[in-house]
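Chemist: Structure below; questions to follow.
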Amino acid sequence: MTHEEAFSLMMDALDGALAPAGADRLEQHLAACTGCRAEWSALQLVDDLLAGAPTIPAPAGFAGRVSARLVAASWPRTLGALFTLSVGSVAALLTVAVPAAVVLIATWAALSQPAGFAQLAIGLQQLARMGGAVLGASRTTLRILLVETTGSPLFLSWAVALGLVLAAWAHVLGRPAPVRVRGR
Amino acid sequence: MGDEQAWIGRARSGDKEAFSRLVEAYQTPVYNLTYRMLGNSDEAEEAAQEAFLRAYSRIKQYDAAYKFSTWLLSITSHHCIDRLRKRRLTWLSLDEPLPAQYAAHLASGTPGPEAQAVRSELEDRVQELIDALQPDYRAAVVLRYWYDMSYEEIAQAMQTTVSAIKSRLFRARKMLAAAQTTGTEMAEMV
Ligand SMILES: [Zn+2]
């Protein structure tokens with residue numbers, strides 16, 4: 001028998017899985033081989049040390065400390081999600097509502113001119129004019145928004161904040177589902 | 001067991017109180033594992049807490065076809081292995097001679113007259129031996145000796161094959177036996 005075979009039989013012996021025939025063969029080898037005999041006694045010593053070592057109990061208050069962290073850990077996540085969701089919704093609403101309101105106000109202002117609402121019912125010409133007024137107002141609004149307001153620090157910071165919030169929102173929504181791995 | 005399944009079920013639906021019952025039930029097995037893997041009580045406490053928090057956040061992934069303890073110890077041992085890898089130390093190897101500091105430690109475990117002293121000496125020595133092993137060998141040894149897990153269970157916990165676990169455990173035992181012998185010889189030479 002080789003030393004490797006003997007080592008494998010020693011492992012079986014430590015695991016309590018050595019058949020009587022194997023035990024005899026190992027004994028014969030050990031009787032003749034000093035190296036394996038030394039290894040076997042070292043293996044047994046280490047095995048005894050490990051098998052006899054105590055279990056270290058969790059320190060006092062451990063479970064309570066875990067529970068406290070469990071509660072603390074869940075708050076920031078919940079608050080963070082709520083914050084992102086509400087700010088994101090408000091920002092999205094503003095993005096649509098503000099320009100729409102400005103367009104409406106501008107249209108109303110255009111139509112309250114003397115040539116406006118009174119002649120509206122007369123014909124398509126007026127409707128076309130109204131359409132033209134709406135377009136004109138939109139153009140004016142767009143010009144105001146793009147040219148006049150973009151210069152103001154208030155608008156710039158609002159736009160930057162909106163961009164950041166939308167990016168964060170998209171990140172939260174677009175995060176991939178965790179991969180399911182058993183046992184991890 | 002029935003209680004445990006009920007706690008797990010409630011914890012899955014976000015009941016932290018129910019999960020706390022699981023923490024109480026498993027605190028010692030988890031803490032002993034982190035202590036044996038990491039070798040000091042401060043880091044063991046931190047790692048054990050972290051292991052439970054991870055288990056809570058992944059509780060929906062737990063497959064009831066397996067033992068809850070195996071799943072929990074699997075999370076714990078992986079977390080300890082990650083921590084040990086960050087330490088970037090060198091471990092015992094079969095190809096290189098035993099580092100002098102281990103040899104000296106291992107040699108100092110000669111039994112003395114007082115039983116109490118011998119006991120704590122031996123315990124120190126056990127931890128010295130384990131501390132010298134590389135992380136995944138260490139996990140295999142601890143799961144085998146303290147948790148009485150079969151090769152199949154260890155393989156399941158460490159997400160590898162039975163033959164890989166067998167080979168880790170064989171090599172670990174060989175290294176420990178060699179460390180033991182080298183330590184003794186060096187003690188005799190001094
Ligand atoms: Zn031999």
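Chemist: B:Arg85 to B:Arg58: extension gain in nm, 0.36 nm per residue of separation minus the Cα-Cα distance?
Modeler: Working: separation 27, 0.36 × 27 = 9.72 nm, distance 2.27 nm.
Contour length minus Cα-Cα distance gives 7.5 nm.
Chemist: May I pose another question? Give me the accessible area buried between chains A and B, both sides summed, with a 1.4 Å probe, in Å² rounded to the nearest 100. Present the calculation step by step, with values, prior to reporting the outcome.
Modeler: Numbers: alone 14110 and 10820 Å², together 20850 Å².
About 4100 Å² of accessible surface is lost on pairing.
Chemist: Based only on the alpha carbon positions, what is the Kirkwood hydrodynamic radius of region B:23-67, in angstrom?
Modeler: It is 11.2 Å.
Chemist: Using bins 10 angstrom wide from zero, how does P(r) for region B:2-87 break down, in % of all Cα pairs?
Modeler: In whole percents, the pair-distance histogram is 18, 52, 25, 5, 0.
The values are calculated or read from the model by the stated rules, or taken from the named source; none is laboratory data. From a predicted model like this one, the values you see are computed outputs, not experimental measurements. The area values use the complete protein model at the heavy-atom level, side chains included, leaving out ligands, DNA and RNA. Shrake-Rupley method; radii C 1.70, N 1.55, O 1.52, S 1.80 Å.
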